[in-house]
Amino acid sequence: MAIDDAKAIRFAPLQGETAARLLPEDLRLEENLKTIVYLAPDNERYLKSDAVIEILSQVGGFWKACRIGKLLPTGFRDWFYDRIAERRRSLISKASCPIPNADQRARLLP
């Protein structure tokens with residue numbers, strides 16, 4: 001959220017009402033809850049590393065350079081995404097879980 005100065009990206013849990021309304025059931029199954037799904041403004045769906053690249057491209061600025069990652073095979077990018085996802089808790093501070101401020105809460109969908 002911090003890098004999205006335009007506040008263009010909104011977030012919804014895969015188990016929430018918004019996902020139930022916009023995503024097919026297979027993307028909301030328990031085995032898929034450890035991934036990221038990006039629903040672009042044109043309703044195109046992106047998963048895992050493709051989702052990250054598209055989100056960063058949407059944010060713009062320096063982050064658009066991440067599109068170069070598309071040159072790597074999807075299987076490799078998704079393997080790398082999965083390794084990061086498995087270790088994300090150890091990569092970020094366990095000491096605190098920030099409480100979203102009012103601006104951030106407004107970007108969280110049910």
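The values are calculated or read from the model by the stated rules, or taken from the named source; none is laboratory data. Keep in mind it's a predicted model, so treat the numbers as computed, not measured. Positions of Cβ are generated from backbone atoms using ideal geometry, with glycine treated the same way; all protein chains shown enter the neighbour counts.
Can you confirm whether residue 77 is in contact with a Leu (Cβ under 7 Å, 6 or more places away or on another chain) and either small (Gly, Ala, Ser) or surrounded by 12 or more Cβ atoms within 10 Å (Cβ to Cβ) (or both)?
In short, no.
The residue of region 1-45 that is modelled with the lowest pLDDT, among those that are among the hydrophobic types (A, V, I, L, M, F, W, C) and assigned to a strand (DSSP E or B), is 11.
When region 7-26 is filtered for residues that are exposed (fewer than 12 other Cβ atoms within 10 Å of the Cβ), in contact with a helix residue (DSSP H, G or I) (Cβ under 9 Å, 6 or more places away or on another chain) and in contact (Cβ under 8 Å) with a residue 24 or more places away in the chain, only 7 remains.
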